[in-house]
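What follows is calculated from the coordinates using simple rules that are stated; it is not laboratory data. Small disclaimer: the values here were computed from a predicted structure and weren't measured. Virtual Cβ from ideal backbone geometry, glycine too; neighbours counted across all protein chains shown.
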Amino acid sequence: MVKFTRPDPDDQYAFPIAKPGFYFIIAAAFATAVFALVGAAPIAIIGLTITFFICWFFRDPDRVVPMYQGTVVSPADGRVIIVAPVEESPFVMGNCIKISIFMSVFNVHVNRIPHEGKVKGISYFPGKFFSANLDKASKENEHNAVLIETDKGKTFCTVQIAGLIARRIICRLKEGDSVRRGERFGMICFGSRLDVYLPADAKVSVTVGNRVKAGSSILGYI
C-alpha cells in the first residue's frame with residue numbers, strides 16, 4: 001500500500017491563500033472600493049474581476065505527499081518542458097539530470113521541497129526576465145537556487161526562476177535548515193519556472209509534456 005503524509009499542518013480555511021498574496025489582494029480590493037465610491041462603475045467592475053483573479057492566483061491548496069523510499073516529488077505545478085542529462089551546471093558539481101517545469105499564470109505557484117534533507121546553500125542571482133519557457137531563462141533570468149543534501153549523502157538542487165511577468169521570488173529557507181519532502185518553501189509571483197537538478201544515477205519518472213502537481217507528482221527516485 002502506498003503511504004502518504006501531509007508535511008505541513010492542514011489549512012483551516014476552505015479556500016486557503018498564500019500569505020504573499022494578501023498585499024496584492026488588499027491593494028486591488030482597496031482600489032476597487034475607491035472606484036465604486038466615486039461612481040466609476042465600469043472600472044470598479046474591472047477592479048473586482050482583477051481582485052477575484054488575484055485571490056484565485058494565490059490559492060494554496062493542501063497536498064498529500066507520497067512516501068516511497070527515495071521519492072522525488074515535483075516542486076511546482078505545471079508542465080514538464082525539459083528532461084535531459086547535463087554534464088555541467090552552475091548549481092551542482094558533476095553530471096546530473098535536469099528537469100524543468102513551466103508554470104503558467106493558471107497554475108498554483110506555491111513551491112514545495114522535492115526530497116527531505118538539509119539545505120547546504122542558497123544562491124540568488126538578480127538577472128533578466130525572459131519568458132520562462134526559453135532555454136536561456138535557466139541561466140540569464142533572475143533565479144534562486146537551493147542546494148539540498150539528503151541523509152544518504154546525495155545532493156540535488158531546486159532553482160526558482162522568474163519569468164516574463166514574474167518580478168518576485170519568495171524563499172523562506174536559510175542555509176542549515178532541515179526540510180521535509182513536500183513542505184512549502186516559497187513561491188514565484190505571476191508565471192515562472194522551476195528547474196530540478198538530480199544526481200546522474202537518479203531514476204526519472206516523467207517525460208516532456210507531462211503535467212505535474214507540487215508535492216504530489218513523482219519526478220523520480222534517488
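Here is a list: V64, V38, V72. Which entry is more than 15 Å from C189 (Cα to Cα) and in contact with a Pro (Cβ under 7 Å, 6 or more places away or on another chain)?
Checking each option against the conditions leaves just V72.
Quick one: how many residues across segment 190-214 are of a type in the set (D, E) and either in contact with a Lys or Arg (Cβ under 8 Å, 6 or more places away or on another chain) or within 13 Å of P114 (Cα to Cα) (or both)? Full working, then the answer.
In the first step, residues of segment 190-214 are kept if they are of a type in the set (D, E); the result is 195, 201.
Next cut, either in contact with a Lys or Arg (Cβ under 8 Å, 6 or more places away or on another chain) or within 13 Å of P114 (Cα to Cα) (or both) only: 195.
Count: 1.
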